[in-house]
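Engineer: Take a look at the following structure, please.
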Amino acid sequence: MRRIAISLLFLAQCGLAHADRLHGIAMHGEPALPAGYTHFPYVDPQVKKGGRINYGVVGTFDSLNSFVLKGMRTTARGIWDPEYGNLFYESLMTRSSDEPFSLYGLLAETVEWDEDRTFIQFNLNPKAHWNDGKPVTAEDVIFSFNLLQDKGRPPYNRRMAAVEKMEKVGENSVRFTFNDKANRETPLILAMSPILPQHAIDPETFDRTSLDIPVASGPYKIKSIKPGEKIVYQRDPDYWGKDLPAKVGIDNYDEISVTYFLQDSTLFEAFKKGDVDIYPEGDSGHWTRAYDFPAVKNGEVLREVFQPGLPSGMLGFVFNTRRPLFTNAKVREALSLAFDFEWVNKNLYGGAFKRSQSFWQNSSLGAYGNAADARELALLGTARSKISPEILQGTYAMPVSDGSGADRKILRQAVTLLAQAGYSIKGGKMVDASGNPLSFEVMTQNESQERMAIAYQRTLALIGIRISIRTVDDAQYQARSNSFDYDMIVKAYTSSLSPGAEQINRWDSASRDASGSFNYAGTADPDIDRMIDALVNARSMEDFQAAVRAYDRLLVAGHYVVPLYHIGEQWVARWKHIGRPEKTPLYGYQLPTWWDARAQ
């Protein structure tokens, strides 16, 4: 017995003693599904696989590599895709869409970690193999993280910064030991990172765009490609993971095609003809008026409304604070007040939307409607001084106009704020102390954004502010977004019930000047950085909630975005031969769980 105890002590000192082998992990608490679970609760485990699905998107593609800067927004859909599913590449673990943030085994059969999350060990599934038949190995995992650190785009190139040591353990396991830059979300972020085949990738050419078909481990192979126009995936009959619990009732089509269109109107016409099977709708006016074609009337096309359990998120006009014009928060606040949401909602959207007041509205994580408690105030510390009492009390809201598009009372408030920032109206123009006019350009991507911008332009002209509107094609929009070459842009910030490290890429100082980051506003505020750090390191739900609320208040108080609207629903039209499960999970409908009913 003494000899066994000494051996175990030696293994522990070497870092090789096994902790409990876990089937799943959660950011807070325990995963909802037990070891031995058979499938996710939002799938149909009895579905008969087969048939096909035709997706349609607006844009183009010139790459099959989602993980480098050049292919960041021009990679063919489906390769690594949160909407259609990761058809081609896979991660070590996969997320349940019915829990705030829980992961279950995929390429990794089990994982091990300690209570303080100083390390995580991924034990690979011995059945996992690439689509050329070679096994997925620990060497592939190590290669992937090193390659993405050297050649990958944000955020993949920064993930190893939190790792002190990455090493192969045993026959086919990889252990990551963390340094002081890691937080409690770090092991989960690593678990969701893509794993690439070492034997099939040349590191020297990895960062170049290419349409050469690579080797991957996912459920589909690429059948055909028409560059910029169409990509077709075909089920891999030898897919290693088809019987995993996390894959039951998922990846149900034999063939998946994604067709690209230059305009949304053309895409919708293709849907009406049956060339595209599903049309997610984002325009309330279009949802109300455009579905009177024969296939809807005779029941061939179904219109459905889904109710996810998510926070509102934030859609808005984003100020690029890298521009000197927008460095003053009073200027940003004045321009935010001047947007007449009531006019826009009534005249453009038939009153379908609600005004967004914060980034986590409609949840316990949001600042709106929730007063800051003692825990949150302590966390904010001196940052409280930059937050108005109304925001701290949870009562702050955007003003409600008379809906005329020219509410004098609100415009007067905007002019007063601009005066405090050094602006005044002279000769019908809003100018600074040197006589320079307050003018800027809004870059838009489509007709819907352009209509909103025109309404905004008309209202701002009443107080002497001139804005120009430039609607650009998809390629130019993505290039200018990547390089932050705009004054103002329209962007949507999705919000989950488990905000974490992705917030670094959106709002942290470290991402401000990183080309291709999502820090569209150009924020660099130590207090925002501190709140992000607090939320990713929170151990209890109480601390996590306080950190997210404090973070939400700082974003609202900074007036980085002109808040627009949210609906709280998901609208989707589909041809009736596309079936779906009855249950809608927490994160809303999941297209990878749908199927072709003609195959039944």
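Engineer: Which of (1) within 13 Å of A338 (Cβ to Cβ); (2) touching a Phe, Trp or Tyr at 6+ places or on another chain (Cβ under 9 Å) is the odd one out, the single condition E441 does not satisfy?
Structural biologist: All conditions are met except number (1).
Engineer: Mind checking which strands (runs of 3 or more DSSP E) fall wholly inside the range 250-345 and carry at least 2 residues that are in contact with a helix residue (DSSP H, G or I) (Cβ under 6 Å, 6 or more places away or on another chain)? Give the derivation first.
Structural biologist: Working: elements: 255-261, 278-281, 301-306, 314-319.
By residue number, 278-281.
Engineer: Further question on the same structure: Filter the range 546-585 for residues that are modelled with pLDDT of 95 or more, part of a loop (DSSP other than H, G, I, E, B) and not aromatic (F, W, Y) and give the result.
Structural biologist: Hits for the range 546-585 are H559, L564, K576, H577, R580, P581, E582, K583, T584, P585.
Engineer: Would you call S144 within 16 Å of S66 (Cα to Cα), touching a Pro at 6+ places or on another chain (Cβ under 7 Å) and surrounded by 20 or more Cβ atoms within 10 Å (Cβ to Cβ)? Working first, answer last.
Structural biologist: Working: within 16 Å of S66 (Cα to Cα): yes; touching a Pro at 6+ places or on another chain (Cβ under 7 Å): yes; surrounded by 20 or more Cβ atoms within 10 Å (Cβ to Cβ): yes.
Here the answer is yes, as S144 does meet what is asked.
Engineer: For the range 326-353: of the residues being farther than 23 Å from A521 by Cβ and among the charged types (D, E, K, R), which is surrounded by the most Cβ atoms within 10 Å (Cβ to Cβ)?
Structural biologist: Here the answer is E342.
Engineer: A follow-up question, please. Answer with yes or no whether G366 is farther than 26 Å from N328 by Cβ and either in contact with a Phe, Trp or Tyr (Cβ under 9 Å, 6 or more places away or on another chain) or not in a loop (DSSP other than H, G, I, E, B) (or both).
Structural biologist: For G366, the condition - farther than 26 Å from N328 by Cβ and either in contact with a Phe, Trp or Tyr (Cβ under 9 Å, 6 or more places away or on another chain) or not in a loop (DSSP other than H, G, I, E, B) (or both) - is met.
Engineer: Next question, about the same structure. So if I check each of G50, G71, G36, G59, which one is buried (at least 21 other Cβ atoms within 10 Å of the Cβ) and not assigned by TED's automatic domain parsing to the domain that holds G500?
Structural biologist: G71
Engineer: Here is a follow-up. For S385, are the conditions met, namely being without any contact (Cβ under 8 Å) to a residue 12 or more places away in the chain, within 29 Å of D487 (Cα to Cα) and either outside the structural domain of W575 (by TED's automatic domain parsing) or surrounded by fewer than 21 Cβ atoms within 10 Å (Cβ to Cβ) (or both)? Break it down into steps so the answer makes sense when it comes.
Structural biologist: On the way: without any contact (Cβ under 8 Å) to a residue 12 or more places away in the chain: yes; within 29 Å of D487 (Cα to Cα): yes; either outside the structural domain of W575 (by TED's automatic domain parsing) or surrounded by fewer than 21 Cβ atoms within 10 Å (Cβ to Cβ) (or both): yes.
Criteria met by S385.
Engineer: Something else about it: If I filter the range 92-137 down to residues being in contact with a Leu (Cβ under 6 Å, 6 or more places away or on another chain) and small (G, A, S), which single residue comes out as surrounded by the most Cβ atoms within 10 Å (Cβ to Cβ)?
Structural biologist: Out of the qualifying residues, it is A108.
Engineer: Taking the condition of being out of contact with any strand residue (DSSP E or B) (no Cβ under 7 Å at 6 or more places or on another chain) and either without any contact (Cβ under 8 Å) to a residue 40 or more places away in the chain or under 15 Å from S265 (Cβ atoms) (or both), how many residues in the range 278-293 meet it?
Structural biologist: Looking only at that region, the number is 8.
Engineer: Please enumerate the residues belonging to the range 586-600 that are outside any loop (DSSP other than H, G, I, E, B) and not charged (D, E, K, R).
Structural biologist: Result: L591, P592, T593, W595, A597, A599.
Engineer: Same structure again: Just to verify a result, which residue in the range 203-226, among those that are in a strand (DSSP E or B) and either in contact with a His (Cβ under 6 Å, 6 or more places away or on another chain) or of a type in the set (V, I, T) (or both), is nearest to V136 (Cα to Cα)?
Structural biologist: Residue satisfying both the conditions and the ranking: I222.
Engineer: When you scan the range 388-405, how many residues do you find that are small (G, A, S), free of Cβ contacts under 8 Å to residues at least 60 places away in the same chain and surrounded by fewer than 16 Cβ atoms within 10 Å (Cβ to Cβ)?
Structural biologist: 1
Engineer: Oh, and also: Somewhere in the range 35-57, is a residue assigned to a loop (DSSP other than H, G, I, E, B), under 20 Å from E115 (Cβ atoms) and not hydroxyl-bearing (S, T, Y)?
Structural biologist: yes
Engineer: Just a yes or no: is a residue in the range 455-469 surrounded by fewer than 18 Cβ atoms within 10 Å (Cβ to Cβ), assigned to a loop (DSSP other than H, G, I, E, B) and of a type outside the set (A, V, I, L, M)?
Structural biologist: No, because not a single residue in the range 455-469 is surrounded by fewer than 18 Cβ atoms within 10 Å (Cβ to Cβ), assigned to a loop (DSSP other than H, G, I, E, B) and of a type outside the set (A, V, I, L, M).
Engineer: Scanning the range 415-435 for residues that are in a helix (DSSP H, G or I) and polar (S, T, N, Q), which turns out nearest to K330 (Cα to Cα)?
Structural biologist: Filtering the range 415-435 for residues in a helix (DSSP H, G or I) gives 415-420.
Still in the list and also polar (S, T, N, Q): 416, 420.
On the way: T416: 10, Q420: 7 Å.
Ranking the qualifying residues of the range 415-435, first place goes to Q420.
Engineer: In addition: Can you tell me which residue among K242, K230 is basic (K, R), at pLDDT 95 or above, out of contact with any Pro (no Cβ under 9 Å at 6 or more places or on another chain) and not assigned by TED's automatic domain parsing to the domain that holds A200?
Structural biologist: Answer to the selection: K230.
Engineer: Let me ask something else about it. Identify all residues within the range 366-383 that are out of contact with any Lys or Arg (no Cβ under 9 Å at 6 or more places or on another chain) and charged (D, E, K, R); write none if there are none.
Structural biologist: R375
Engineer: Report whether or not S509 is under 21 Å from L325 (Cβ atoms) and small (G, A, S).
Structural biologist: For S509, the condition - under 21 Å from L325 (Cβ atoms) and small (G, A, S) - is met.
Engineer: Now for a separate question. Among the candidates S495, S511, S483, S540, which residue alone is assigned by TED's automatic domain parsing to the domain that holds N370, small (G, A, S), in contact (Cβ under 8 Å) with a residue 24 or more places away in the chain and under 27 Å from N345 (Cβ atoms)?
Structural biologist: Selected residue: S495, the only one of S495, S511, S483, S540 that is assigned by TED's automatic domain parsing to the domain that holds N370, small (G, A, S), in contact (Cβ under 8 Å) with a residue 24 or more places away in the chain and under 27 Å from N345 (Cβ atoms).
Engineer: Confirm whether I410 is without any contact (Cβ under 8 Å) to a residue 40 or more places away in the chain and closer than 16 Å to F339 by Cβ.
Structural biologist: So I410 does not fit the description; no.
Engineer: Taking G500 and the conditions (1) surrounded by fewer than 19 Cβ atoms within 10 Å (Cβ to Cβ); (2) part of a loop (DSSP other than H, G, I, E, B), which numbered condition does it fall short on, given that it satisfies the others?
Structural biologist: Failed condition: (1).
Engineer: Further question on the same structure: Do we have any residue at all in the range 182-203 that's over 26 Å from T75 (Cα atoms), surrounded by fewer than 18 Cβ atoms within 10 Å (Cβ to Cβ), more than 26 Å from the chain's Cα centre (by Cα) and not hydrophobic (A, V, I, L, M, F, W, C)?
Structural biologist: Within the range 182-203, not a single residue is over 26 Å from T75 (Cα atoms), surrounded by fewer than 18 Cβ atoms within 10 Å (Cβ to Cβ), more than 26 Å from the chain's Cα centre (by Cα) and not hydrophobic (A, V, I, L, M, F, W, C).
Engineer: Within the range 470-492, restricting attention to residues that are part of a helix (DSSP H, G or I) and among the aliphatic types (A, V, I, L, M), which residue is nearest to V318 (Cα to Cα)?
Structural biologist: A479
Engineer: In the range 507-545, what residues are in a loop (DSSP other than H, G, I, E, B) and within 16 Å of P311 (Cβ to Cβ)?
Structural biologist: The first filter runs over the range 507-545 and keeps only residues in a loop (DSSP other than H, G, I, E, B), leaving 508, 512-525, 538-540.
Those that are in a loop (DSSP other than H, G, I, E, B) and within 16 Å of P311 (Cβ to Cβ): none in the range 507-545.
Engineer: Within the range 177-227, which residues are small (G, A, S) and modelled with pLDDT of 95 or more?
Structural biologist: A191, S193, A200, A216, S217, G218, S224
Engineer: Conditions: (1) modelled with pLDDT under 95; (2) more than 16 Å from M488 (Cβ to Cβ). Q445 meets all but one. Number of the miss?
Structural biologist: (2)
The values are calculated or read from the model by the stated rules, or taken from the named source; none is laboratory data. Everything numeric in this text was worked out from a predicted model, so none of it was measured. Methodologically, a virtual Cβ is constructed for each residue, glycine included, from the backbone with ideal geometry; neighbour enumeration extends over all protein chains shown.
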